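Read-outs: derived from the displayed coordinates by stated rules, not from any lab. From a predicted model like this one, the values you see are computed outputs, not experimental measurements. Reconstructed Cβ throughout: ideal geometry from the backbone, glycine too, with neighbour counts over all protein chains shown.
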Amino acid sequence: MLLRRCVPFAAALFLLLPTGEVLAQSDQDRAAARSLATQGAEAFTSGRFDEAIDLLGRAEALVHAPTHLLLIARAQTRLGRLVAAKETYLRIVREELPPTAPSPFKKAQQDAREELAAVDPRIASLRIALEGAAGRKIVVKLDGQPVADALLGVHRPIDPGNHVVTVYPPGLSPIEQAVTLGDGERKELKIPVPESPAMPPAPDASGEGQGTWSSGPGEIPPEGPPGKPERKTNVLMLGGGIAAAALGLGGVVVGSVFLAKGGSTQQKANDLSDTYRCESQAGPGAGCGPLIQQQIKRLDADAADQQTTGAINLITGGVLLVGGATLIVLELTSKPEPSSSAWVAPYVTPTGLGVRGAF
């Protein structure tokens, strides 16, 4: 019985040749849409609702028909996607059909009104409230999908069933809470968000209080010597090393290619000489004429040039590669220079005296 209800929706668009919008489509589009709609109706009848939504959505993209949308809405309802189903039903209901629209289209619109009235009360509502998050940029996801800031703290429509809300406070581990809603249930989910850890204060330029020591009673005076310097990367040295290493690697590759090519060219010359017996102790063979000898000499010269070019590139590239690598290693392993020498000095405070120093 369900199949008898679904198939007319998929086929009526093409059997009755309705509305100008449909007639504007090509024959190929209408034929493809008819096939997709029929497959979608069969998938719906067999309970393959995801597949039905995909096939009918493709048919709708080719040729619009309220009958396509009605089956899509029904499949969404079967899958529990009531929010999406409501929006699909609304598209059908709000469409203004011309007086000449086929009866299946008008019937689809009437069915959509009735089914929408049944689906709407089943949609649940959820309010996500973050406690202690005022003025903080916090990412919230519902079932893995980001939640817009405008939807936080207000009730939003949601499909009944099990859901997971994940809050990502900056500097803290994610907070995850599960929530289950029944048909038409209205629920509020309050999630306390702890304070983010305070960032340690950045040391001032003088490095006050770093690398100091004191001896004796009392307090360390507020003035402190410079502390241990941080190592700073020499950008020019490091960049020059990387550039030299890259050029050197390229030279090694080019040199290797030319050497291999020179060897191949020399092998061709040797093969040609052997074939025509140009290097025979008894003298050149009968086939080793002037043209062959000239070709062999040209191949020998080409091979020599290629091998020379390859050797130059290989040597130059190797030097650059070693030099660049050396610069990189030296820069990355260099130690920072101390910003000040060690010192020791006595001090006196209202509560005592002692000595202090830097290392």
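Numbers for the structure displayed
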{"read-out": "Packing-based ranking, highest mean first, of 82-92, 166-176, 259-269 given that Cβ atoms within 10 Å are counted", "value": "82-92, 259-269, 166-176"}
{"read-out": "For the range 79-172: relative contact order, % (alpha-carbon pairs under 8 angstrom, 6 or more apart)", "value": "33"}
{"read-out": "Inter-label distance, nm, simple model (7 Å from Cα along the C-beta direction), Leu249/Leu236", "value": "2.5"}
{"read-out": "In sequence order, calculated HN-Hα J values of the range 68-82 (Karplus, 6.51, -1.76, 1.60; Hz; x Gly/Pro)", "value": "4, 5, 5, 5, 4, 4, 5, 5, 4, 5, 4, 7, x, 8, 6"}
{"read-out": "Cβ crowding within 10 Å averaged over residues, with 140-151, 48-59, 111-122 ranked highest first", "value": "48-59, 111-122, 140-151"}
{"read-out": "Extension reserve of the Glu114-Arg277 stretch, reckoned as 0.36 nm per residue once the Cα distance is removed", "value": "48.8 nm"}
{"read-out": "Derived scalar couplings ³J(HN,Hα) [the range 245-255; Karplus, 6.51 cos²θ - 1.76 cosθ + 1.60; whole Hz; x for Gly, Pro]", "value": "5, 5, 5, x, 5, x, x, 5, 5, 4, x"}
{"read-out": "Fully extended contour minus Cα-Cα distance, from Ile312 to Gln25, at 0.36 nm per residue", "value": "96.5 nm"}
{"read-out": "Glu188/Ala32 FRET efficiency (R0 35 Å; Cβ-Cβ; nearest 0.05)", "value": "0.15"}
{"read-out": "Highest-first arrangement of 301-314, 126-139, 67-80, where packing means the average Cβ count within 10 Å", "value": "67-80, 301-314, 126-139"}
{"read-out": "Cα→Cβ-extended label distance, 7 Å offset, between Lys137 and Val83, nm", "value": "2.5"}
{"read-out": "Segment Leu152-Thr326, extension gain: residue separation times 0.36 nm, minus the distance between their alpha carbons", "value": "57.0 nm"}
